[in-house]
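Participant: Here it is, the structure, as structure tokens.
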Amino acid sequence: MSLFEFPNHRPRRLRRTPWIREMVTETRLTPANLIWPCFVQEGTDLTTPIPSMPGVERLSIDRLVVAARRATQLGIPAIAVFPATPADKKTAYAEEALNSENLVCRAVRAVKEVVPEIGVICDVALDPYSSHGHDGLLEQGEILNDATVEMLIKQAIVQAAAGCDVIAPSDMMDGRIGAIRRGLDQAGFEHVAIMAYSAKYASAFYGPFRDAVGSAANLAGGDKKTYQMNPANTAEAMREVELDLREGADWLMVKPGMPYLDIVRRIRDRFDVPLAVYQVSGEYAMLSAAAERGWLDRQRVMLESLIAFRRAGADSILTYFALEAAELL
Ligand code: PBG
């Protein structure tokens, strides 16, 4: 027999009024849960809309700095900066990734100079810099794991030297967390944290992001399935997480978000470590497009999707809605 039986129990009693609904709310969303992923481009005083992500723009560094200040004023603790590297800087071996004067490094230094209190997170992966659009080095159609990891270590050190607080390896090479941790420590960056994209799936929901950073047109082979995970797998995500924790990850991430809430919950139930989820570009595009057509209420679906991540067990949420959501909260 159930403990709860009608008519002794009438769940609607706790939904009758706003104050009572507020009091029995189980999950909270605040701006402190949000991380704002933003796109930076060359030039000054420039804003370029991204057609597949209405409302999201690539900003020149000076404008990024202003936006970062706005983010702190809204209570958003951190931003994740993604560079739209000019095509003429992209090469087969992605050397620009290691240039301490590259776009992302200049952006990080500028933000840290003017808005030192904001946390800055940088991806580690070669796709913004490779002419073939892959996250790793490509040789005869194969992604080279260990040679890529050697580059990622250097990329992480260059970004840490620019002032980045959290290194977020998004490349999915094996063994990269441990290698980057040792590299950072040896270079004197033992205080720089690692947020591992531990369970990153080979997802079609990244499409608009690849437009935003200009890595879509050139993706050789068309997908990243030899390194990003198969959307059908869960147990494998648990193994990826264990490897990353053992190798020194401070923080875990699941990506994409909404289609992978079960993965967020499973990780939350098993590991007592900070957990982030990435509501990716395609999720943003879906909700925005439907709202543009008047088919969905933009603000309500935005907040509902964000609370779902919290309910599933995520501590922090990377979302292109960050500024808009923080304004409402
Ligand atoms: C690159 C990277 C991607 C995203 C974040 N870092 C794209 C990819 O792996 O192809 C996707 C983010 C988004 O879709 O919003 N390693």
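The values are calculated or read from the model by the stated rules, or taken from the named source; none is laboratory data. What you are looking at is a predicted structure, and each value in this text was computed from that prediction instead of being measured. A quick note on method: Cβ atoms are made from the backbone with ideal geometry, for glycine too, and the neighbour counts reach across all protein chains shown. Calculation scope for accessible area: heavy atoms of the full protein, side chains included, ligands and nucleic acids excluded. Shrake-Rupley method; radii C 1.70, N 1.55, O 1.52, S 1.80 Å.
Participant: What's the number of the condition Asn230 fails, among (1) within 28 Å of Pro49 (Cα to Cα); (2) more than 9 Å from the ligand (Cβ to nearest atom); (3) open to solvent by 10 Å² or more (accessible area, probe 1.4 Å); (4) modelled with pLDDT of 95 or more?
Facilitator: Exception for Asn230: condition (1).
Participant: Answer yes or no: is there a residue in segment 243-251 that is in contact with a strand residue (DSSP E or B) (Cβ under 9 Å, 6 or more places away or on another chain), of a type outside the set (S, T, N, Q) and buried (at least 23 other Cβ atoms within 10 Å of the Cβ).
Facilitator: Checked segment 243-251: at least one residue is in contact with a strand residue (DSSP E or B) (Cβ under 9 Å, 6 or more places away or on another chain), of a type outside the set (S, T, N, Q) and buried (at least 23 other Cβ atoms within 10 Å of the Cβ).
Participant: Give the number of residues within segment 111-133 that are within 12 Å of the ligand (Cβ to nearest atom) and either among the β-branched types (Val, Ile, Thr) or open to solvent by less than 10 Å² (accessible area, probe 1.4 Å) (or both).
Facilitator: Final tally of qualifying residues: 8.
Participant: I'd like the full set of residues that are within 13 Å of the ligand (Cβ to nearest atom) and assigned to a loop (DSSP other than H, G, I, E, B), limited to segment 163-176.
Facilitator: Matches in segment 163-176: Ser170, Asp171, Met172, Met173.
Participant: Let me confirm something: among Leu261, Leu287, Leu296, which residue is within 16 Å of the ligand (Cβ to nearest atom), open to solvent by 10 Å² or more (accessible area, probe 1.4 Å) and modelled with pLDDT of 95 or more?
Facilitator: On the way: Leu261 fails: within 16 Å of the ligand (Cβ to nearest atom); Leu296 fails: within 16 Å of the ligand (Cβ to nearest atom).
Matching residue, one of Leu261, Leu287, Leu296: Leu287.
Participant: Sticking with this structure for a sec: Answer yes if at least one residue in segment 55-69 is assigned to a strand (DSSP E or B) and either modelled with pLDDT under 95 or surrounded by 22 or more Cβ atoms within 10 Å (Cβ to Cβ) (or both), and no otherwise.
Facilitator: Yes, that holds for at least one residue.
Participant: So, in segment 7-38, exactly how many residues are touching a residue at least 40 places away in the same chain (Cβ under 8 Å), away from the ligand (no atom under 16 Å from the Cβ) and either touching a helix residue (DSSP H, G or I) at 6+ places or on another chain (Cβ under 7 Å) or open to solvent by 70 Å² or more (accessible area, probe 1.4 Å) (or both)?
Facilitator: 6
Participant: Identify, from the list Val273, Val277, Val241, Val254, the residue that is in a helix (DSSP H, G or I), aliphatic (A, V, I, L, M) and closer than 30 Å to Leu184 by Cβ.
Facilitator: Val241
Participant: Only one of Glu96, Glu139 is away from the ligand (no atom under 12 Å from the Cβ), surrounded by 17 or more Cβ atoms within 10 Å (Cβ to Cβ) and free of Cβ contacts under 8 Å to residues at least 40 places away in the same chain; which?
Facilitator: Matching residue, one of Glu96, Glu139: Glu96.
Participant: Tell me which of these Arg70 doesn't satisfy, since it passes every other one: (1) over 13 Å from Val108 (Cα atoms); (2) in contact with a Leu (Cβ under 6 Å, 6 or more places away or on another chain); (3) not hydroxyl-bearing (Ser, Thr, Tyr).
Facilitator: Checking Arg70 against (1) over 13 Å from Val108 (Cα atoms); (2) in contact with a Leu (Cβ under 6 Å, 6 or more places away or on another chain); (3) not hydroxyl-bearing (Ser, Thr, Tyr), the one that fails is (2).
Participant: From the set of residues in segment 181-213 that are within 12 Å of the ligand (Cβ to nearest atom) and assigned to a loop (DSSP other than H, G, I, E, B), which is nearest to Lys154 (Cα to Cα)?
Facilitator: That would be Val213.
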